[in-house]
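**Q** Pasting a structure here, questions to come.
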Amino acid sequence: MARLDARLLLQHVTGWSTEQVLAHPDWSIGPADRRAFQALVARRAADEPVAYLLGEREFYGRTFRVDRRALIPRPETELLVDLGLAAIARLRVAGIAAPRVVDVGTGCGAVAVSVALDADVPVVGTDVSLAALTLAQENAGALNACARFVAADLLTGLTGPFHVVLANLPYVPHARDLPRDVRDYEPHVALFGGQRGTELIERLLHEALPMLAPGGELCVELDEEEQASPVASLARSLYPNADVTVCRDNGGYDRVVRVRTAPSLA
């Protein structure tokens, strides 16, 4: 891992490709690049995440700008995009040409922008952090996505109904001891979700109840450690006529609780 980190930092400083670095181990770098590389190595040695050092992270096949204003997007969160795209496709088959989509806790905007581009649909992203919203808007602009971002505590101030609600909210319990590269660098407002870790998710399930359209879907990302069962149980009690499913990520972890409401009888 240290070798990979060093190569990525070297490529970032020099502009060399992976192929160039691997094919020319005898190449040397100039004094300015050497100083820049050494400064980045020192920051990495202090556990600063590589994504922040590079200023970017790949997510769902695109490169997103990242920095300490927002959480670094993780591969497991791509499941939210998969589910959102599938929901939109299903709704369009049912005759809803322009489903209303909201991404709650948008962070750097990775989910909102990915869904907007791949489904060709407008997406609203919400967050309590103005700094994160600014970063999300920068990403939407750079990738030419039809996404707009608003400051909101979950769904407060928004007007439904929404056909698709996606949420990657803070879900780490307060007492959890995190690795230093996460604990010391990523924003705590985007990490910690309360004593149980599920408090914000529970609030969203309540708030979305009157705002989710018939036949709509609500998908919330979870921590892999024993959150799926209580969250799914709450969802079934709040949405007794809905189909509530626990979806696993590529690592085999229970990652998302999906609530699909019953379609309108009209």
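Only the coordinates and a few stated rules stand behind these numbers; no lab work does. From a predicted model like this one, the values you see are computed outputs, not experimental measurements. When we count neighbours, we look across all protein chains shown, and the Cβ atoms used for this are built from the backbone with ideal geometry, even at glycine.
**Q** Could you list V259, V50, V220 in order of exposure, starting from the residue whose Cβ has the fewest other Cβ atoms within 10 Å?
**A** Ranked by crowding around the Cβ, least crowded first: V50, V259, V220.
**Q** Regarding the range 2-46, what are the three Cα extents along the principal axes, ordered largest first, in Å?
**A** Sorted largest first, the three principal extents are 29, 22, 15 Å.
**Q** When the Kirkwood radius is taken over all Cα pairs of the range 10-122, what Stokes-Einstein diffusion coefficient follows at 20 °C and 1.002 mPa s, in µm²/s?
**A** 128 µm²/s
**Q** Cβ under 12 Å from L85's Cβ, L85 left aside: what net charge do those residues give with Lys, Arg +1 and Asp, Glu -1?
**A** Once positives and negatives cancel, what remains is -3.
**Q** Can you say what percent of the DSSP beta bridges in the chain, counting only those with both residues inside, are antiparallel? Round to 5.
**A** If I count the DSSP bridges inside the chain, around 45 percent turn out antiparallel.
**Q** Continuing with this model, one more query. Ratio of Rg to Rh for the range 115-180, alpha carbon only, Kirkwood?
**A** Here Rg/Rh amounts to 1.03.
**Q** When the Kirkwood hydrodynamic radius is evaluated over all pairs of different C-alpha atoms of the chain, what value in angstrom, to one decimal, is obtained?
**A** One decimal place: 19.7 Å for the Kirkwood radius.
**Q** Once the other residues with Cβ under 15 Å from the Cβ of D243 are scored (Lys, Arg +1; Asp, Glu -1), what is the net sum?
**A** Result for the neighbourhood of D243: +3.
**Q** Which whole-number percent gives the relative contact order of the range 1-110, counting Cα pairs below 8 Å spaced six or more residues apart?
**A** 19 percent
**Q** Just rank I88, I29, I201, fewest to most, by other beta-carbon atoms within 10 angstrom.
**A** The order, fewest Cβ neighbours first, is I29, I88, I201.
**Q** Also, quick follow-up: Once every DSSP H run of n ≥ 4 in the chain is given -39500 (n - 2.57) and the sum is divided by its residues, what mean residue ellipticity at 222 nm do you get, rounded to the nearest 500 deg cm²/dmol?
**A** -11500 deg cm²/dmol
**Q** To make sure I understand, if each residue's beta carbon is the centre and we count other beta carbons within 10 Å, what order do S28, S17 fall in, fewest to most?
**A** Ascending Cβ contact count within 10 Å gives the list S28, S17.
**Q** Using a basic spin-label model with each label point 7 Å from the Cα along Cα→Cβ, how many nm lie between L238 and T156?
**A** For L238 paired with T156, the spin-label model returns 1.6 nm.
**Q** Also: Given a Förster distance of 22 angstrom, what is the FRET efficiency for L54 paired with N250, based on the Cβ-Cβ distance and rounded to 0.05?
**A** 0.40
**Q** Below 8 Å, C-alpha to C-alpha, sequence gap of six or more: please give me the relative contact order for the range 71-260 in percent.
**A** 20 percent
**Q** Give, as a single signed number, the net charge of other residues whose beta carbon lies under 11 Å from the beta carbon of D153, with Lys and Arg counted +1 and Asp and Glu -1.
**A** It works out to a net charge of -1.
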